[in-house]
Structures are given as structure tokens and as C-alpha cells.
Amino acid sequence: MRKIFSILFWSFLGLLWSFSFFVCLLTFLVTIPFDRNTRILHYISCFFLFGCVYLNPFWRVRFEGRKKLPSHGGAILVAAGGYITPEEYKSRKQAILDGM
């Protein structure tokens with residue numbers, strides 16, 4: 001069952017990434033005259049990326065401290081992968097599979 005789910009999920013992601021490439025290419029070509037910093041392209045590519053991450057039930061995303069970021073200007077962001085024990089992984093995995 002896991003192998004079938006994995007094959008289907010990665011096939012779906014491959015199709016989604018192919019589609020998103022052409023959408024982003026078209027967006028880039030249309031918006032480059034007035035959007036030199038490619039902000040619109042950035043928002044669209046982030047939409048596709050987060051869609052891929054949120055579709056997989058085994059991947060988790062958590063944002064902390066967003067309110068502390070400045071509204072204008074730059075900031076340094078750090079991404080740290082959370083460590084879970086093998087027992088916790090098995091229990092989370094089993095809970096998700098029970099829900100399918």
C-alpha cells in the first residue's frame with residue numbers, strides 16, 4: 001500500500017511541477033516589463049511549492065515568530081528540521097494510515 005501511495009504521490013508531484021513550470025514561465029514573460037524584482041513570480045511559485053508540501057500527510061510545516069518579522073525591509077530566516085524519535089514517527093504514521 002505504501003509503495004502504491006508513494007508512486008501515485010510522486011507521479012502527481014511530477015505532473016504538478018511540470019504544470020507549474022509553464023505557469024511560472026508564462027508569468028515571468030508577461031510580468032518582466034513591470035516587475036523587475038519578480039515578486040509576482042515569487043508568490044506564484046511559493047503557492048505551488050506550499051501546495052506540494054501540504055498535500056503530503058507525512059510532511060509537516062510550522063511557522064514560528066512570523067509576527068516578529070519587519071513589515072518592510074530584509075530579514076534573515078533560519079529553517080531547522082525538527083527531530084522526532086522513531087517511536088513518534090511510527091505512531092504518527094500509523095495514525096495517518098488508520099485515517100485513510
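Counting only residues that are under 30 Å from Asp98 (Cβ atoms) and without any contact (Cβ under 8 Å) to a residue 24 or more places away in the chain, the range 13-24 holds 2 of them.
Rundown of residues vs (1) at pLDDT below 80; (2) more than 20 Å from the chain's Cα centre (by Cα), yes/no style:
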{"site": "Phe22", "(1), (2)": "no, no"}
{"site": "Asp35", "(1), (2)": "no, yes"}
{"site": "Ile40", "(1), (2)": "no, no"}
{"site": "Ser45", "(1), (2)": "no, no"}
{"site": "Phe48", "(1), (2)": "no, no"}
{"site": "Asn56", "(1), (2)": "yes, no"}
{"site": "Glu64", "(1), (2)": "yes, no"}
{"site": "Pro70", "(1), (2)": "no, yes"}
{"site": "Val78", "(1), (2)": "yes, no"}
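Residue pairs whose Cβ atoms lie under 9 Å apart, sitting 6 or more positions apart in sequence or on different chains, and linking a residue in the range 25-48 that is in a loop (DSSP other than H, G, I, E, B) to a partner that is surrounded by fewer than 12 Cβ atoms within 10 Å (Cβ to Cβ) and of a type in the set (Phe, Trp, Tyr), do not occur here.
What tally of residues in the range 51-67 results from selecting those that are hydroxyl-bearing (Ser, Thr, Tyr) and touching a residue at least 40 places away in the same chain (Cβ under 8 Å)? Total satisfying the criteria: 0. Put simply, of Phe48, Phe19, Phe5, Phe12 the only residue that is surrounded by 11 or more Cβ atoms within 10 Å (Cβ to Cβ), at negative phi and in contact with a Ser or Thr (Cβ under 6 Å, 6 or more places away or on another chain) is Phe48.
Considering the conditions (1) modelled with pLDDT of 80 or more; (2) in contact with a Phe, Trp or Tyr (Cβ under 9 Å, 6 or more places away or on another chain); (3) of a type outside the set (A, V, I, L, M, F, W, C), Gly14 is excluded by exactly one of them, (2). Inspect the range 73-86 for any residue being surrounded by 10 or more Cβ atoms within 10 Å (Cβ to Cβ) and of a type outside the set (Ser, Thr, Tyr) and give the result as yes or no. Yes, the range 73-86 contains at least one residue that is surrounded by 10 or more Cβ atoms within 10 Å (Cβ to Cβ) and of a type outside the set (Ser, Thr, Tyr). Residues in the range 49-80 that are outside any loop (DSSP other than H, G, I, E, B) and of a type outside the set (A, V, I, L, M, F, W, C): Gly51, Tyr54, Arg66, Lys67, Lys68.
The values are calculated or read from the model by the stated rules, or taken from the named source; none is laboratory data. Keep in mind the model is a prediction, meaning the values are calculated, not measured. Every residue, glycine as well, gets a Cβ built from its backbone with ideal geometry; the counts of neighbours run over all protein chains shown.
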